Every structure is written in structure tokens, then in C-alpha cells.
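Taking it in order: structure first as C-alpha cells, then the write-up.
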Amino acid sequence: MAEVLNMQNIFKSFYMGEEELEVLHDVNLTVNSGEFLSILGPSGSGKSTMMNIIGCLDVPTSGKYLLSGNDINELDEIELGFIRNKEIGFVFQSFQLLPRLSALQNVELPLIYAGLSSSDRKQRAAKILDRVGLSDKTRNLPNQLSGGQQQRVAIARALVTEPTILLADEPTGALDQKTGAQVMELFEELNHDGRTIIMITHDTDIARHAQRVVKILDGNLTEQGV
Amino acid sequence: MLLESILMSWENIVKNKLRSFLTMLGIVIGVASIIALITIVQGATNSISNQVSELGANKVTVTAMGTPLKQGLNEEDISNISKVGNISGVSPTISGKTGIVYNGKVIENVAVQGKNDVYFNMDSSLLKTGRPINILDLDSKNQVAIIGNDIVNELFYGVNPLGKELMLNGTTYTVIGTLQGSSGFSMGSNNESVVIPYTTALRSLGVKNISSLDVFLEDTTLADDTVTEIKGVLNPAFNYKDNAYTIFNMGDMIESFESMMSMMSLLLAGIAAISLVVGGIGIMNMMLVSITERTTEIGLRKALGATPNRIQLQFVIEAIFLSVVGGLIGLVLGGVIAYTAATLIGTGFSISISTISLAVGFSGLVGIVFGYMPARKASRLNPIDALRSL
């Protein structure tokens, strides 16, 4: 299977005034196309930083990160924008839908930055909303949707650019157990269809939905058999 | 991509209607005052210039104070000046006051003006009825008169004055014409005067010298050269004495008046421009508030693939949008104010394209200048911090 993500000796430090705070310590990770990976760790373990680096929102202090063959360290802000648009589909804990836009418009958003025409965008957004089971809610504003529905809109938005990796940060964190389970079902289906998924969570039960789980603790990543 | 940014900006402006309106108000007031001030001043300038031009922008007036030896202009001077180039005609004026009598009715102290044929040739609207003074009248010093409107009303009420004879300074004159009544503001109102051939006037009014001379120009742009040449004729005639005569160039006066007025409108516009700058600061302030409010949105957009340029473009467009819409509202408002003022004052109203483009261009510029800094700030937001701020 093709390798989509390769991290070698990733270190990440933050500076709190004079004090250096090491958040990631010598992280090595490889993810192949079609994998469903969970990164499991408690809060403060460095998993958010891990997610930011994987999602190209942040760059490591040292080490090599290849995403679909692109060396992230060598890219500038503009190129990183394009990479995020093309390679990564973000799913956030708090959905992060724009409240003024309808479900369809929210899903269209990444396609605007991809430079697609209005008609292409609408067509693709409608198709993907249909895929997540919301074909009858395209015109609804986020506040007219339930939490589960909102998260499915967010997943549709993440999928609409056909990204290399679906990157989810605590996707069930703001949902009750039942809707959370439905979202996880959707993830499993998507993975079954061949989508590569990386999910960051602190919840062992949620992590178990993935085929492969890595644990992160105090900045150290360890592989874990399921 | 530009269209998307414009649509997004529009949505944001519409969402915060009151705030957007208040922000725009500074620009509206600035642009409205610029448009109104410039238009009002221009309208006033034009109508005053036009009125002055009616008195003759195509002529220069020579007025002789004289010297002890030569107390005014004479016929020789007129014929010498006529030989100067770029002159289409010379019209002397001899002024006097006398009483006139017709049919037992008397008017005292009537202004009598001695003129020639050129005076009437240059302005065909002078004559209401009858015929003008011609060369024959001048040569033979005919005792003919052309009378003003008020005199017609006073002496010849209900009677056709043409061909009637009236007494002027003890001599009989035949009325050959009447002058067009002039109304309102006009320096040379002829309503109460009598015009006779200047040669006749020299003989019968007891005036020996010609006090002033209107020299009509063929090409007003060469007025300065012509004035110099006329001086070349008159200086020897007055034996190079100072202050023997003055030459008044109407075109010069209009020019200096217009340049004064345009200075004034520039000054006023400059003051109004200050309010545009204040308006611009208002826009900057609103943009900064808006960016703080939308930090999460900016972070999200960046996560979804918006490049910094893209974010910056959107906010700059939003600022331009605010200021240009404000500018357009100001344009309409300023136009209405100027129109109302022009109607009240009674001057002409016309907004020039250059005024419009100045106002709209300036407000657009304000948007760019004051939108740039906040937009740059937005584009530099770190997406991680921005997303975390929720």
C-alpha cells in the first residue's frame, strides 16, 4: 500500500518566555493509504500539536515530515494553504461551521479556495451531503441542525475536496453517545470505501473503532496493538 | 475568486447593517461635503463669470485720466489705436448729464453717452427697436438719439417714440431707436440713458475729450500683446506721463476671479477631505473589531485552504466596499445638497465627471489605505491560535 504520511524524528518545542517546553519528542510515524489510525492520548500529551503538524497548521521544530511526498518543512505559508486544501480534510470537535452559511454553502467553502466554479461546487457539495445522509438539509443553517447532523455537515466539508487524509480531532467529543456512535459508523464506512482516516482522541472506546491505535504520552509516540 | 470575495464582503456588511452604516457615515459626510462644496462654488463661479463675460470679455477698456497738457483721448488716438493688430473695433464713450424735454415733460440729469457704430455692431442685442448709429450719423454729426427703456416709459408711454423729436441740452434730436431694457445685476445698465453719436456729443455736450474707449479684440488669447501695443500708441500720445490712463482687461479680471474661486474650492475640499480621513479611521476601527470577532472564522478558512493573500484580499475588499458604498451615498447626498443650495441661491447646478470620479476615487483610496493594515493583520493570524480562540 502507498505511503501517504511519513514522519521521521519529529521534535516540537514551544517557548514560554525563557523556558523551553518540549511537546513532541522524536516522533516517528508512517501511515499508508486506506488506513484508519487513532492517536490516543490524554490532554496535555501533545496530541493537539500532533494534529496541528499532521494538518500542516504548524511545522515541527526539527525532523522530516512528508505528506503525499511533499516535504512540509520546505513550503511557505501560501503553499501550505494549498496543501491543506488538497491533502487534508479537517473534522473538529466543535464542528466549526460558519453560522451564517447553509449546510451546502459550508460544504462549498473549501472548494472556493480550490478555485472551482460555482456550479461545480454546488454539484459536488450536494453529492457529498447526500453521501452523509443529509440531502434534505442542504438549505438549513447550522443552528437548525442537531449536533450529529452538524458534525456530518463538517465531515462532508472535509470530504468534498477528496483529501488524501481525513483528519478528525475528537469528532465525537461534543456529541452524545448515540450520535457519537453514528458518526463513528460513518467513519468506518468511509474507511471501508478506501478513505485514509487519522483520528485524534482521548477516549479509548472511540479509538477502538480504528484498525490501528498509537498512543501518545508526554510527547512520546508508541505503537499499540489493538 | 474576486467575485467570491465580493460576495463574502457583502454578506458581512449586510449582516451588521447598523454597524456598517455608522462606519460608512464618516465617508458619507466627507464625500457629501466635498461634492456639495465644490459643486456650489463651481456653480457660483460659473454664473458670476458668465455675468461678467456678458459685460464683455472680448474687450479691453482704456480710461484716460489725462495730463494737464492732454486731458483725454481724441480722435487721433482712436484712429491710431484702430491700426493696432487683433482689433475688431474701437468704441469710444463720452459721458455727460443733461436734461431732456419731450412734449412739455422734463427729465433732469439724464446720462447721455456718445457712442459710435462699433458699439452697436459688437452687440446686436443692445437695440430693441429702430436702427443703430451709423457712419453717416458720425460723419455729419447728426442729431439723433437712441433712448433707454425707462425714458421710453416715462416720456413716450403708449406712443411709438421712433421719429419723435426731443430736446436735449437745448437742441433737437430725432429718436431713431430704443435700447433693450436690461434687468437685475448689470454694471452697464442703459435703462436711463440716451445714446447719441459721439461726434455729436463732442460738439454739443461741451465735452472736449473722450473719457473712455472700448477696444474689441479679435482673439482674446492675445489680449496681453494687444494691450502692450495699445500702450505703445498711448505712451507717446501722453508724453510718457505716469497715470495718464489705465487699460482694464475684462478677461484678466475673469481669469483672476476664477483662479481665486478655484483656490477657494480647493481649500474647502481640503477641509472636507479631513473628514474623509476621519471616516477612514472609522473603517479601520470597524475592520479591526470585525477581525477580532471573526478570528475563529479566519482560522477555519485558513485550515480549509485559504492562503494569507486570500484572507487579506477579502478584508481589503470589505473595507473598499464600505468606503465606496459610503462614497456613492455621499455623492447622492452631496448632489442633493448642492442642487438645493444652487436653487436657493439661484446659480447654475452641474456636477462634473471629474468631481464624481474624485469623490469615488478618493473614497476607494481611503478603503484601500485604511483597510490594508487590518487585512494584513487578519492574514497573519496563526490558524492554530485562531481556531483555539473559540
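The values are calculated or read from the model by the stated rules, or taken from the named source; none is laboratory data. A quick note: this is a predicted structure, and the numbers were derived from the prediction, not measured. Ideal geometry is used to build each Cβ from the backbone, glycine not excepted, and the neighbour counts take in all protein chains shown. The area values use the complete protein model at the heavy-atom level, side chains included, leaving out ligands, DNA and RNA. Shrake-Rupley method; radii C 1.70, N 1.55, O 1.52, S 1.80 Å.
Kindly indicate whether B:SER79 is in a strand (DSSP E or B) and either open to solvent by less than 60 Å² (accessible area, probe 1.4 Å) or among the hydroxyl-bearing types (Ser, Thr, Tyr) (or both).
no
If B:SER323 satisfies every condition in (1) within 14 Å of another protein chain (Cβ to nearest Cβ); (2) touching a helix residue (DSSP H, G or I) at 6+ places or on another chain (Cβ under 6 Å) but one, which is the exception?
(1)
Quick one: in segment B:164-188, which of the residues that are open to solvent by 50 Å² or more (accessible area, probe 1.4 Å) and of a type in the set (Gly, Ala, Ser) is modelled with the highest pLDDT?
Looking at residues that are open to solvent by 50 Å² or more (accessible area, probe 1.4 Å) and of a type in the set (Gly, Ala, Ser), I get B:GLY170.
For segment A:79-89, does any single residue satisfy the condition of being of a type in the set (Asp, Glu), more than 12 Å from the chain's Cα centre (by Cα), within 8 Å of another protein chain (Cβ to nearest Cβ) and over 16 Å from A:VAL27 (Cβ atoms)?
no
Looking for something assigned by TED's automatic domain parsing to the domain that holds B:MET24 and under 21 Å from B:ALA272 (Cα atoms) - is there at least one such residue anywhere in segment B:374-388?
Looking through segment B:374-388, none of the residues is assigned by TED's automatic domain parsing to the domain that holds B:MET24 and under 21 Å from B:ALA272 (Cα atoms).
Against the condition open to solvent by 20 Å² or more (accessible area, probe 1.4 Å), closer than 25 Å to B:GLN312 by Cα and away from every other protein chain (no Cβ under 13 Å), how does A:ASN73 come out, does it pass?
Yes; evaluated as a whole, the condition is true for this residue.
I want to confirm something. Restricting to segment A:90-99 and keeping residues that are of a type outside the set (Val, Ile, Thr) and either assigned to a strand (DSSP E or B) or facing chain B (nearest Cβ under 8 Å) (or both), which single residue is surrounded by the fewest Cβ atoms within 10 Å (Cβ to Cβ)?
A:SER94
Can you tell which of A:ILE10, A:ILE54 is closer than 24 Å to A:PHE92 by Cα, more than 14 Å from every other protein chain (Cβ to nearest Cβ) and aliphatic (A, V, I, L, M)?
Result: A:ILE10 is the single residue among A:ILE10, A:ILE54 that is closer than 24 Å to A:PHE92 by Cα, more than 14 Å from every other protein chain (Cβ to nearest Cβ) and aliphatic (A, V, I, L, M).
Just wondering, is there one or more residues in segment B:324-342 that are open to solvent by 30 Å² or more (accessible area, probe 1.4 Å) and over 39 Å from the mean Cα position of the chain (by Cα)?
no
Only one of these is in contact with a strand residue (DSSP E or B) (Cβ under 8 Å, 6 or more places away or on another chain), part of a helix (DSSP H, G or I) and not polar (S, T, N, Q): A:ILE128, A:ILE78, A:ILE112, A:ILE155. Name it.
A:ILE155
Sort out which residues of segment A:11-28 are surrounded by 14 or more Cβ atoms within 10 Å (Cβ to Cβ) and either in contact with a Lys or Arg (Cβ under 9 Å, 6 or more places away or on another chain) or small (Gly, Ala, Ser) (or both), and write them in order of number.
Scanning segment A:11-28 gives A:SER13, A:GLU22, A:VAL23, A:LEU24, A:HIS25, A:VAL27.
Quick check: is even one residue across segment A:20-33 of a type in the set (D, E, K, R), more than 21 Å from A:PHE187 (Cα to Cα), over 13 Å from the mean Cα position of the chain (by Cα) and within 14 Å of chain B (Cβ to nearest Cβ)?
no
Given the criterion of a type outside the set (Asp, Glu), assigned to a helix (DSSP H, G or I) and within 14 Å of chain A (Cβ to nearest Cβ), identify the matching residue among B:LEU266, B:LEU313, B:LEU331.
Checking each option against the conditions leaves just B:LEU313.
Any chance segment B:13-29 includes a residue that's within 14 Å of chain A (Cβ to nearest Cβ), part of a helix (DSSP H, G or I) and in contact with a helix residue (DSSP H, G or I) (Cβ under 6 Å, 6 or more places away or on another chain)?
Among the residues of segment B:13-29, at least one is within 14 Å of chain A (Cβ to nearest Cβ), part of a helix (DSSP H, G or I) and in contact with a helix residue (DSSP H, G or I) (Cβ under 6 Å, 6 or more places away or on another chain), which makes the answer yes.
Taking B:ASN12, is it open to solvent by 70 Å² or more (accessible area, probe 1.4 Å) and in the same structural domain as B:ILE353 (by TED's automatic domain parsing)?
No: the conditions fail for B:ASN12.
Being within 14 Å of chain A (Cβ to nearest Cβ) and among the small types (Gly, Ala, Ser) is the filter; apply it to segment B:354-388 and report the residue that is surrounded by the most Cβ atoms within 10 Å (Cβ to Cβ).
Taking the candidates together, the pick is B:ALA378.
Can you confirm whether B:MET65 is away from chain A (no Cβ under 14 Å), open to solvent by 10 Å² or more (accessible area, probe 1.4 Å) and among the aliphatic types (A, V, I, L, M)?
For B:MET65, the condition - away from chain A (no Cβ under 14 Å), open to solvent by 10 Å² or more (accessible area, probe 1.4 Å) and among the aliphatic types (A, V, I, L, M) - is met.
Please go through segment A:166-183 and pick out each residue that is in contact (Cβ under 8 Å) with a residue 40 or more places away in the chain, more than 21 Å from A:GLY34 (Cα to Cα) and open to solvent by less than 50 Å² (accessible area, probe 1.4 Å).
A:GLY173
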